[in-house]
Amino acid sequence: MNNKPTMKELPFSERPYEKVETEGVEKLSDKELLTVFIHTGTKTERADQIALRLLELCGENGLQALWGMDLAELRRVSGIGRVKAIQLVCACELSRRMARGRRLFGTKITSPEDIVSYYNIQLKYQQKESLILVVLDSKGRIAGEELLSVGTVQSSVADPREIFLSALKKNGVSIILLHNHPSGDPTPSREDILTTERIEQAGELLGIQLKDHIIVGQNSYISMRSEGYLGSFRETNS
């Protein structure tokens with residue numbers, strides 16, 4: 001028999017909804033914030049106990065680790081089903097978009113920092129490699145974006161046909177690629193270099209320039225153009 005108190009039986013000061021009303025939302029702990037989104041418990045656990053286990057799963061990165069969790073990972077937590085998992089990933093996406101502060105569509109890109117400042121939060125905590133395509137118009141302004149693939153822990157899938165088909169649909173003149181390294185080290189791998197070369201060559205044939213390929217790590221990033229990788233295939237083939 002479960003003798004643990006329900007949320008309503010907890011002291012008034014420990015109930016997150018009431019705490020927001022009396023003390024303000026900023027007074028909620030990470031566990032209490034998660035409890036609000038989880039909302040209901042199970043027959044054996046309260047919502048705040050499920051929230052605590054989820055927070056423990058996040059580890060040292062705390063709530064930021066939730067940005068890297070997908071529906072399947074969340075549903076592996078006992079007490080989190082389909083609806084709760086969807087609510088949590090939606091809350092994470094909302095927080096990402098708010099943290100960006102503004103959308104980049106129509107903004108002219110003049111440096112790697114312009115792109116990284118926008119996508120850094122989305123990529124740095126991902127536990128799998130994610131590949132993002134940013135399409136630019138003839139004036140170097142953002143015309144569109146697309147999450148092309150989410151790969152394994154080691155690599156994402158970069159298909160030149162898919163990349164340039166998407167760019168053509170958005171009337172792109174040039175493109176920028178971004179992907180993350182879950183290890184935290186943004187140093188390009190041999191596969192990154194070969195893939196970038198292949199995409200750059202394909203773009204030249206189609207008249208769509210690969211302006212940069214940016215790799216995001218935990219606390220840093222690398223611009224493959226700034227590091228001299230882009231255009232290097234011409235030298236080796238000349």
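The values are calculated or read from the model by the stated rules, or taken from the named source; none is laboratory data. A quick note: this is a predicted structure, and the numbers were derived from the prediction, not measured. A quick note on method: Cβ atoms are made from the backbone with ideal geometry, for glycine too, and the neighbour counts reach across all protein chains shown.
The single condition from (1) out of contact with any Pro (no Cβ under 8 Å at 6 or more places or on another chain); (2) surrounded by 15 or more Cβ atoms within 10 Å (Cβ to Cβ); (3) closer than 30 Å to S29 by Cα; (4) among the polar types (S, T, N, Q) that S117 fails is (2). Selection within region 10-35: residues that are under 20 Å from Q87 (Cα atoms), part of a helix (DSSP H, G or I) and within 27 Å of the chain's Cα centre (by Cα). The member of this set that is modelled with the lowest pLDDT is V25. Among the conditions (1) modelled with pLDDT of 80 or more; (2) in a helix (DSSP H, G or I); (3) surrounded by 14 or more Cβ atoms within 10 Å (Cβ to Cβ); (4) of a type in the set (V, I, T), the only one that V83 does not satisfy is (3).
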